[in-house]
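Just below is one structure, and these are the notes that go with it.
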Amino acid sequence: MRAKPGPVTTILFSSAVLLLIAANLAGRGAAQTAPAAEDANTEILSLGPAPQTGGFASIRMTRDFRSIAIAGNSGSRMAAFLNGAPGAKYDQVQTVPPVLSADGKHVAYAARKSGNWFAIVDDKEFGPYMQFPSYGGFPYGGARPIPWQDTPNRPILFSPDSKHFAFIANKAQPQNPNPLWVVVEDGKEMAQPGQVDMTVSLQFSAHGDHLMWIVHGKPNGTSSVVLDGIEGPAYSGIYQPQFSEDGHHLAYTAQRLIPPTQGGGSQFVEVLDGKEGPVLAMVGSNAYGNGVLLSPDGAHLVYPAHQKTTAANQNGLAVVIDGKVISDANRVWMSPDGKTIAYESLPANGNSGSRAVLVINGKPGLEYSAIQDVRFAPDDRVIYSVRAANGKFFVVDGEKELGPYDSVDLGTLRFSADHKHWAYAASGDGRAFAVFDGRKLRDITGAVQNATPPGLPYPFDANDAREQMFKFTADGHLLYHASTGLGSGFMKDDESLGADGLMSPDGRRIAVVKSVNQGSSAATAQLTLDGQAGPAFREITRMAFSPDSKHFAYVGISTVPVNGTGKEGGYILMVDGVRKGDYPEISDVQFSPDSQHLFHFTTSHLFGGPGRAYMDQKLFFTFYWLPGYFAHWLDDHRTLQILGGKYDAATYRAADDQMYRVRYYLPGANRKQQTAAIAGPAAVDLAEAKNMVGGGLAAASASPSAAPAAAASAAGGTPGAAGTPSSAAGASAGAPSAPAIPAGTSITVRIIDAVDSGQYSAGKTYRAVVTQAVNAGTVNIPQNTLARVTLVQNGNAWIAQLASLTLAGKQVNVSSSTATINSTPQSTAQSAANAIGSAFGRFGKHPQAAAAAATVAAAASGARVYLPPGTILTFVVSG
């Protein structure tokens, strides 16, 4: 078993940039939590000095927002702060922000003292070292936001299950002027068969039970993959290594140099679990592995390639599907579950620019001049766009063609909840328009810009706008923004509803804004909901439905100045048609997950502050300017959390140089919330590691406990090994199929991925692991067996089902009854249904889970279902 550093959760970087003034901080002790004077329900925690550079991008949070790490001044030195508690002082802290484990219990960073660098993990020093790798290529750790746990070249990283850590460091050698880059895992330096490749990050497998890196610059100039200290075969170069999603398979692209006596040049092979695929002139879209697709269970490996050109294959183009080379083919696509594979076939007497056929699971379609884009529908249909001989574009759905168009963007393709209706954007005759069930609708030239919701806690780009372009009502009508002579219009199918609007989470109510004389001093806007028109305003901004769709709030801008200042128009908060108050500016409106409370935040851009937070129109905290758009409901559904600095009304500035975490607790909230641990094995299965690198040609130094763990696994005694390891041999076609699981078997799993019916379509599978071993007749299901859970829709209800288990290296399909929720990470018997959602809005923050219920099927209204990672579900196998 590896040394256990302590646990982790995934990491969030905010993208909002907030410049908070931070002065040098005298040393202080552990952070203190105290109720705020404004409200007894408010708790304030000092997180340490406010970031001097990068604003909120210099703060790291776990995905559930509960754990927060920053690095900043501590007197004349620097320190890292975890949830406000300072670590030791150093001359410099390099990793800004620090690195957090997924469960929020561990923090790591690089720090310098007395001229030496150390890796600091939970206040324990590892080193000294000369230096660490650059942090994602951004100066001083980088102020721009980067993804949760996937940043390239991260100096220190934790395994997804939070049980291990690893980093690369530059170590001086007394007799060698060239420093040696080494890998350190759980505090132990691994013996290196060569120089660590700095262009490829360390990678943990999905459950944290395997660690992979690349070494190169060996005496013969070759490179190798190293997995858990076991060295794989040597090649001239290795590119794009990737684990399968289940963590049991490893693929990479390998290069061999051809000796000059044999003509010189290079050959490429794709290697899966140590077994080479066909020898090719190029692998992937650029010779070095780009475009290689590995299915989640490692059963399918597909990629584009180049062969040597011959008289029969003049362009050398090919695709490889599970080791079989298909000549005269170009691109290849795989569905997310790995069950559908499509590739572009180029007839032998043509070329890539004249004739093309899409072949789906071996069945060829019609011939076109070119295949443009391929998408997979929720019901496994393949939808693709093509260019015809006349230069026009079409969308192909099976045997049906839609078009012609001058262009088409399948990135906008969206389906209704029942998959019966679909829409996408296309163009023709000099305009862009919506296509709904094959029918051309209104001009949407300005739709992307108008679909961009303000106030998001991360950068909103064109891809996000495309996600928001089309929405469907519960009865299958299409909502979108169209371009009109007066600007944007809010559309339902081909009917103009008004200038703007918002759909309720259940898809049954639509709030419509109608505007008159926009752009003039006589401009007015009026909102209508359920046939009831509200008062006239100069403009209407924020809109929000409650998660249960029963309540609605919005902000109207009055033509009357606030307090007679003449400098700012009044921002009026309207809730269910009732005027609730006038404010200088309202930047955020959110209902609580139970739909019973309303949070709103006010600012004053003209005056530079302050920012005031209200719950049910009652002020509970005053921030210095904006709080960074970090107003999030935690997944106990009763706690609102915001970050920011305190405001001093006497000086009109920040009260101090500290950053604060402010929580507002509704009745029944859990005041001692911690991030949930994430499931994962603590042991390393070296037998599986050897299979994944091809038998282990050279053994480097591994953890002392790894060999006993492997022996125990071979005997079937290691729970963390997830049963019989999946390998290329074990998953061969000749292997016996796994027996069926008897009806009535009860299986309890822990969710790994966040389940979100609002973000993903029905039918998407989510990873989970079995929490305890199950003996079901002749079938043994070990603890930590990989499982897959899916959301399906039955009428208007969302239902969670157990879809499959991975047993003996094979994916076994399972039919189950409705799931019972045992617990979420912080609460018991909650279904986390009815999360906040909107048609175009996302005017608030990331959707958070909502009201408690006994089963997932209780979301009978068809509203959004959200299950956070760590949720425990029990399924009963049906016949």
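Data for the structure
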item: Probe 1.4 Å, all protein chains present, accessible-area order of Lys580, Lys646, largest first; result: Lys580, Lys646
item: Alpha-carbon Debye profile of the range 254-300, log10 I(q)/I(0) at 0.16, 0.26, 0.31 Å⁻¹; result: -0.49, -1.00, -1.18
item: Cross-link partners of Lys124 among aspartates and glutamates (Cα-Cα below 17 Å; sequence separation of 8 or more within a chain); result: Asp91, Glu185, Asp186, Glu189
item: Anchor Lys514: lysines whose Cα lies under 20 Å away (excluding residues fewer than 8 positions away in-chain); result: Lys471, Lys492
item: Partner aspartates and glutamates for Lys89 [C-alpha distance under 20 Å; skip if fewer than 8 residues away on the same chain]; result: Asp122, Asp123, Glu125, Asp657
item: Fully extended contour minus Cα-Cα distance, from Ser76 to Ala172, at 0.36 nm per residue; result: 31.7 nm
item: Heavy atoms of Phe433 accessible to a 1.4 Å probe, total area in Å² rounded to 10; result: 0 Å²
item: Accessible area (Å², 1.4 Å probe, nearest 10) - His207; result: 10 Å²
item: Flagged links, alpha-carbon separation over 29 Å, of Lys400/Lys550; Lys308/Lys690; Lys324/Lys810; Lys550/Lys672; result: Lys400/Lys550; Lys308/Lys690; Lys550/Lys672
item: Net charge contributed by nearby residues that have their C-beta within less than 12 Å of Gly338 (K/R +1, D/E -1); result: -4
item: Percent carbon-and-sulfur accessible area, the range 287-440, ignoring ligands, DNA and RNA, probe 1.4 Å; result: 49 percent
item: Segments 510-516, 228-234, 871-877 sorted - mean Cβ within 10 Å per residue, highest first; result: 228-234, 871-877, 510-516
item: Added length on full extension, which subtracts the Cα-Cα distance from 0.36 nm per residue, Leu257 to Glu495; result: 79.3 nm
item: Cβ-Cβ FRET estimate between Asp530 and Ala377, R0 fixed at 30 Å, reported to 0.05; result: 0.35
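The values are calculated or read from the model by the stated rules, or taken from the named source; none is laboratory data. As the structure is a computational prediction, the values presented were derived from the model and not from experiment. Quick reminder, even Gly has a Cβ in these numbers, built from the backbone with ideal geometry, and neighbours come from all protein chains shown. Just so you know, the surface numbers come from the protein's heavy atoms only, side chains and all, with ligands and any DNA or RNA stripped out. Shrake-Rupley method; radii C 1.70, N 1.55, O 1.52, S 1.80 Å.
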